[in-house]
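Participant: I have a structure I would like to understand better, so I am pasting it below and will then ask my questions one at a time.
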Amino acid sequence: MHKIGLIVGREWSFPPAFIDEVSRRGAGVVAEYVKLGAPPMDGPPEYAVVVDRISHEVPFYRTWLKHAVLRGTTVINNPFMWSADDKFFGATLASSLGIAHPKTALLPNKEYIPGIKHDESLRNLAFPLDWEAAVEYVGLPLILKDAYGGGWRDVYVCQTMDDLLRHYNDSGQLTMIVQEFIKFEQFLRCICIGQDDILPIHYDPKERKYHVDPDYLSPRLRDQIITESRLLVRALGYDMNSIEFAIRGGVPYAIDFMNPAPDFDVYSLTEEYFQWVVQKMADLTIRLAREPRPAAGPQSWNRFLQGRLPRA
């Protein structure tokens with residue numbers, strides 16, 4: 001009997017629905033919540049697959065998950081990639097894949113951990129920062145956001161330089177980016193499962209609400225967005241992700257696509273889309289439990305970047 005483990009936080013709707021669906025299939029696979037005490041480094045792998053929904057907030061879990069990969073467990077999502085991703089890398093990756101992305105610039109931290117002495121530890125930083133050049137590059141209004149953030153935390157729309165400096169000065173030890181503001185006509189979020197199954201959904205970022213609206217996109221735009229979503233998740237190696245697109249002038253801009261623990265709550269997704277997620281996650285994890293695959297690594301990214309990046 002193959003076992004699928006689930007690591008979760010406070011979410012209540014997806015975990016039991018997923019566990020019940022795997023059991024209902026009768027495929028020789030069971031799913032359960034992972035239980036960890038003080039795991040030894042040489043313990044046998046207990047799970048064929050582990051679905052990770054919370055290690056971004058619990059470092060203990062991320063540490064164990066990297067160990068589990070080395071012991072032969074397939075982890076969704078790859079904890080090595082998840083430990084390395086950030087929104088500035090994502091902006092560069094999208095551009096290298098030929099996918100429209102808002103102009104983005106990286107900012108030095110406002111504050112640093114104790115022990116960092118500005119005149120000795122930060123000699124590689126240009127000071128004072130050329131704020132005018134950064135703003136000229138992305139334009140106003142702009143978005144200021146945490147390069148490692150998610151869930152719309154620490155995201156600010158800045159109309160003026162004063163807005164930007166005020167929010168930046170309150171950012172503490174976060175590493176922030178500034179990004180071109182896309183004044184969109186349409187907005188959607190794609191749920192991505194297994195690097196093939198892509199579900200574009202009409203999403204209202206102001207209400208933070210999904211809308212069941214299957215005719216929201218033209219067939220051409222829908223096909224383009226599904227193709228570009230597959231490119232992104234395959235380059236990242238993510239089997240569970242959500243990608244946000246803002247559409248301006250008929251062009252879909254990938255504005256946020258590093259969400260490897262996407263919202264799977266039934267009240268957020270609506271019952272229709274929730275059931276799609278449960279079914280597709282069960283399909284994926286049962287397949288991987290019965291037919292394991294090697295963990296993806298940096299070598300697999302090269303084919304997406306080759307020929308896309310400008311040559312020196």
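The values are calculated or read from the model by the stated rules, or taken from the named source; none is laboratory data. Computed from a predicted model, the values in this text were never measured in an experiment. No Cβ is skipped: glycine too gets one built from the backbone with ideal geometry, and neighbour counts run over all protein chains shown. The protein model used for the area step is the full one, side chains on, heavy atoms only, and it has no ligands, DNA or RNA in it. Shrake-Rupley method; radii C 1.70, N 1.55, O 1.52, S 1.80 Å.
Participant: Per residue, how much accessible area does region 90-228 show when a 1.4 Å probe rolls over the protein heavy atoms, in square angstrom?
Facilitator: I get 56 Å² per residue for region 90-228.
Participant: Probe 1.4 Å, all protein chains in place: accessible area of Trp276 in Å², nearest 10?
Facilitator: The accessible area comes out at roughly 60 Å².
Participant: Give me the percent relative contact order of the chain, please, defined on Cα pairs under 8 angstrom at least 6 residues apart.
Facilitator: 21
Participant: Let me ask something additional. Taking the Cα centre of the chain as the origin, how large is its charge dipole in debye, to the nearest 20, when only Lys and Arg (+1) and Asp and Glu (-1) carry charge on their Cβ atoms?
Facilitator: Result for the chain is approximately 860 debye, rounded to the nearest 20.
Participant: Rounded to the nearest 500 deg cm²/dmol, what is the calculated helix-only ellipticity per residue at 222 nm for the chain, with -39500 (n - 2.57) per DSSP H run of length n ≥ 4?
Facilitator: Value at 222 nm, helices only, nearest 500: -10000 deg cm²/dmol.
Participant: Okay, next question. Semi-axes of the equivalent ellipsoid of region 135-282: what are they in whole Å, largest first, if each equals the square root of 5 times a C-alpha gyration tensor eigenvalue?
Facilitator: Here the semi-axes work out to 28, 17, 15 Å.
Participant: Can you give me the long-range amide H partners of Lys103? Hydrogens built in the peptide plane at 1.01 Å from N, cutoff under 5 Å, separation of 5 or more residues or another chain.
Facilitator: HN-HN under 5 Å from Lys103: Glu180.
Participant: Turning to a different aspect of this structure: Once the cut-off is 12 Å, how many percent of the Cα-Cα pairs in region 202-251 end up in the long-distance tail?
Facilitator: 71
Participant: Identify which of Asp239, Asp163, Asp215 has the largest mean-square fluctuation in a Gaussian network model of the chain, with springs joining Cα atoms closer than 10 Å.
Facilitator: So, out of Asp239, Asp163, Asp215, the one fluctuating most is Asp215.
Participant: Take the solvent-accessible surface of the protein heavy atoms, probe 1.4 Å, and return the percent of it on region 195-235 that carbon and sulfur atoms account for.
Facilitator: Reported share for carbon and sulfur atoms: 45 percent.
Participant: Where is the GNM fluctuation largest for the chain (alpha-carbon springs, 10 angstrom cutoff): Glu120, Glu271, Glu136?
Facilitator: Among Glu120, Glu271, Glu136, the largest mean-square fluctuation in the Gaussian network model of the chain belongs to Glu120.
Participant: Sort largest first and round to whole Å: the equivalent ellipsoid semi-axes of region 1-142, each the square root of five times a Cα gyration tensor eigenvalue.
Facilitator: Taking √(5λ) for each eigenvalue gives 41, 21, 14 Å, largest first.
Participant: Work out the P(r) tail for region 146-219: percent of alpha carbon pairs separated by more than 14 Å, whole number.
Facilitator: When every Cα pair of region 146-219 is considered, 71 percent fall beyond 14 Å.
Participant: Could you tell me the calculated FRET efficiency between Tyr267 and Arg293, based on Cβ-Cβ distance and R0 = 25 angstrom, to the nearest 0.05?
Facilitator: It comes to 0.15.
Participant: Looking at the chain as a GNM with Cα springs under 10 Å, which of Ser95, Ser268, Ser121 has the largest mean-square fluctuation?
Facilitator: Ser121
Participant: Output the peptides 108-117, 140-149 sorted from most to least packed, where packing is the average of other Cβ atoms within 10 Å over each peptide's residues.
Facilitator: 140-149, 108-117
Participant: If I compute solvent accessible area with a 1.4 Å probe over the protein chains, what percent of it on region 1-133 is carbon and sulfur?
Facilitator: Taking all protein chains in place, region 1-133 shows 56 percent carbon and sulfur surface.
Participant: With a 10 Å radius around each residue's Cβ, average the other Cβ atoms per peptide and rank 29-38, 222-231, highest first.
Facilitator: The peptides rank, most packed first, as 222-231, 29-38.
Participant: Quick one: what are the phi-derived ³J(HN,Hα) couplings along region 71-84, Karplus 6.51/-1.76/1.60 with θ = phi - 60°, whole Hz, x for glycine and proline?
Facilitator: Result, rounded to whole Hz: 8, x, 7, 7, 10, 10, 9, 3, x, 5, 5, 4, 6, 10.
Participant: Taking N as the number of residues in the chain, what value does Rg over Cα atoms divided by 2.2 N^0.38 Å take?
Facilitator: 1.06
Participant: Nearest 20 debye, what's the magnitude of the dipole of region 114-216 about its Cα centre given +1 on Lys and Arg Cβ and -1 on Asp and Glu Cβ?
Facilitator: Around 280 debye, computed over region 114-216.
Participant: More than 18 angstrom separation, counting every C-alpha pair in region 83-184; what % is that?
Facilitator: Of the Cα pairs, 50 percent sit more than 18 Å apart.
Participant: Let me ask something additional. When DSSP assigns beta bridges and you keep just the ones with both residues in the chain, what percent turn out antiparallel, to the nearest 5?
Facilitator: Of the beta bridges lying entirely in the chain, close to 75 percent run antiparallel.
Participant: Apply the Karplus parameterisation 6.51 cos²θ - 1.76 cosθ + 1.60, with θ equal to phi minus 60°, to every residue of region 237-248 and state each ³J(HN,Hα) to the nearest whole Hz, in sequence, with x for glycine and proline.
Facilitator: Per residue, the Karplus-derived 3J(HN,Hα) values read x, 8, 9, 8, 7, 10, 10, 9, 10, 10, 9, 10 Hz.
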